[in-house]
Amino acid sequence: MANISVADQLDDAIEMMIAEPGSAPPRVDLKIGELLGIAAELRLLPDPAFRVALKVELLGASSSQTTAIAGVERKPARSDREAVLPTLFGAGSQHHPSSREGFGVSVALHAALLLGIAASGLWLVNGSELTPQVHTIFIADTVSMPRTADGRDSGGGTREKQPETKGSLPRVAREQLTPPTIVVPREQPKLAEDMTLVGPPELSQPQTSQVGNPLASILGPPSNGSGSGGGIGTGHGGGIGGGEGAYRVGGGVSAPRPIYDPDPEYSDEARQAKYQGTVMLWVVVGADGRAREIRVQQSLGMGLDEKAIQAVRGWKFAPGMKDGVPVAVQVNIEVVFRLL
Amino acid sequence: MKALEDKSLANPNDERLLVEAAREDPARFGELYENNFERVYAYLARRARDRDEAQDLTAEVFHQALAGLPRYEWRGLPFIGWLLGIAANVLADRWQRATRLQEVVTGELEQVGVEDDVERRAILYQIVDSLPADQRQVILWRFVGQKSLREMAAELGRSEGAVKQLQLRALQNLRERIS
């Protein structure tokens, strides 16, 4: 209860600090004062979107700078008139002899180019060329399914020939002492513990007498499935189901960070319909920094889901880390398509 | 000048290689940017009126740094010193307060040091990224997005009390990590 009171007091003080930045800090006890000091330093926390946008801007500028540097050639000094219109007035540079006919052609080509630009501008106004704006948000602790003892979603099994049998999920607990099993081993443990899955206890569902994989199609005879790791299913781990297992962010597991993340393209269909919105993807980023599994959690349609998947599949991440080792981590990636 | 603990500066040879790579290929400037963003931003944020100004100044510093990179000479001193020298000049130009900035502008841009409170703030900004994702999200929403408790609770699908607890844990985490 004391902790709740601290949280309330702290939030009130932060609220006041944000609403009236110049005002004197409210009187609070020392414990809250320390936290409020940190909060005060966070008032100018940089916007991550700004950080990313500036990097993109700089790298864009650097590529044009590279082009400019590559295009620079040391040429002899010329008069102002030659410098402005070298082809018409100058004797020509060492590489391009002057020619009045050439100047005429150049004027015609430039005029055509300007017309082209003007026409494309009109097309942009009328046709609304759409540029997708994309940002990513990694959301952890969105546990919707129980997971294994080490924090990974993964199946289990005891390498049996027969697929796992249907049943209900066992109790969900914060810690797993005994992984779920359908076929109970002959050798009984000295200190018996209920089999559990790891997750928020509030996820527990009504149970039948038979533990198993709720998604399995086979009712019997009892089998733990062909996987390994002591759970139930075709995967590897102490959970239920399939899959190789991927960590969730938090509890010592850091989130992967995109380091090469080109924007997706707009689909023609969505562009014509001036359609915008958000696609939410569930992605497993492998230890190699590549998106390994991609599922659409929130669909947008009009081909934008496919475009988002296609783009994210090509992204390169700095992988999530656990104990200093790269590991596969699940993240949610929000892909926002906007008309700019 | 406080000893710089950042991984990017732990080995000066690594930084030298990064600088040389960026001089040859400006597209490699991204790594120098990533390694030094927080310090430059923290230095400017300490002197800026608000976040918009701090971000504006930071952008100017990095653009100038990128443009001036071909003229940069490695002298064995941390690259951040050069960046902060540019930052001091950008501030001086912006506000025409050169006299007040003599404390940091010493003529030799490489000699500009990282003040302790700037370093602390830069580390704080860095470790916000290492928070558990939900705590980081609450901090960003609260201080960058300036969302209300109710808005955050609605976005996260949690009660306002739970969000307050999340905020408390995030700040406690930051306090522990920074100390």
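The values are calculated or read from the model by the stated rules, or taken from the named source; none is laboratory data. The structure presented is a predicted model; accordingly, all values stated were derived computationally and were not measured. Glycine gets a Cβ as well: all are built from the backbone with ideal geometry, and neighbour counts include every protein chain shown.
Just name the residue that is surrounded by the fewest Cβ atoms within 10 Å (Cβ to Cβ) out of those in segment B:25-43 that are more than 9 Å from chain A (Cβ to nearest Cβ) and closer than 21 Å to residue A:56 by Cβ.
First, pick out the residues of segment B:25-43 that are more than 9 Å from chain A (Cβ to nearest Cβ): B:31-32, B:35-36, B:39-40, B:43.
So of that shortlist, the ones also closer than 21 Å to residue A:56 by Cβ come out as B:31-32, B:35-36, B:39-40.
Working: B:31: 16, B:32: 23, B:35: 18, B:36: 24, B:39: 26, B:40: 25.
Applying the filter and picking the extreme gives B:31.
When you check residue A:243 against the structure, is it modelled with pLDDT of 75 or more and more than 28 Å from residue A:337 (Cβ to Cβ), yes or no?
So residue A:243 does not fit the description; no.
Go through segment A:294-339 and count every residue that is of a type in the set (D, E, K, R) and without any contact (Cβ under 8 Å) to a residue 24 or more places away in the chain.
Matching residues across segment A:294-339 total 2.
Among the listed residues B:149, B:174, B:131, B:166, which satisfies the condition of being over 20 Å from residue A:8 (Cβ atoms) and out of contact with any Leu (no Cβ under 6 Å at 6 or more places or on another chain)?
The match here is B:131.
Kindly indicate the residue of segment A:315-331 that is assigned to a loop (DSSP other than H, G, I, E, B) and not acidic (Asp, Glu) and also farthest from residue A:252 (Cα to Cα) among those meeting that condition.
First, the residues of segment A:315-331 that are assigned to a loop (DSSP other than H, G, I, E, B): A:315, A:319, A:323-324, A:328.
Pick out the ones that are also not acidic (Asp, Glu) and you get A:315, A:319, A:324, A:328.
Values: A:315: 24, A:319: 14, A:324: 10, A:328: 13 Å.
Checking each candidate, the answer is A:315.
Go through segment B:140-162 residue by residue and tally those that are under 27 Å from the mean Cα position of the chain (by Cα), part of a helix (DSSP H, G or I) and either more than 8 Å from chain A (Cβ to nearest Cβ) or in contact (Cβ under 8 Å) with a residue 60 or more places away in the chain (or both).
Final tally of qualifying residues: 3.
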